[in-house]
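Rule-based calculations on the coordinates, nothing more; no lab input. Here the structure is a predicted model, which is why all the values come from computation and not from measurement. No Cβ is skipped: glycine too gets one built from the backbone with ideal geometry, and neighbour counts run over all protein chains shown.
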């Protein structure tokens, strides 16, 4: 499965940290402007992980991302 196959709201684990995929959003980058990125919000702490759009073709395994089971 690729990063681009994820659906917004899907729960994943990135390097053992629980996160939620928020989809593609415009984010502000200091000293650069705005850019579209794939956004993950880590749960429990206010940390966001960003991936470039062209990284959507990478596999989840190569980026150490695991899908979490819905309970």
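I want to confirm something. Restricting to the range 26-71 and keeping residues that are within 10 Å of the chain's Cα centre (by Cα) and more than 17 Å from residue 11 (Cα to Cα), which single residue is surrounded by the fewest Cβ atoms within 10 Å (Cβ to Cβ)?
Within the range 26-71, the match that is surrounded by the fewest Cβ atoms within 10 Å (Cβ to Cβ) is 52.
Can you give me the ranges of the strands (runs of 3 or more DSSP E) entirely in the chain with at least 3 residues that are touching a helix residue (DSSP H, G or I) at 6+ places or on another chain (Cβ under 7 Å) and touching a residue at least 40 places away in the same chain (Cβ under 8 Å)? Talk me through it step by step, then tell me what you get.
On the way: elements: 11-14, 17-29, 33-42, 48-52, 65-67.
Here the list is empty.
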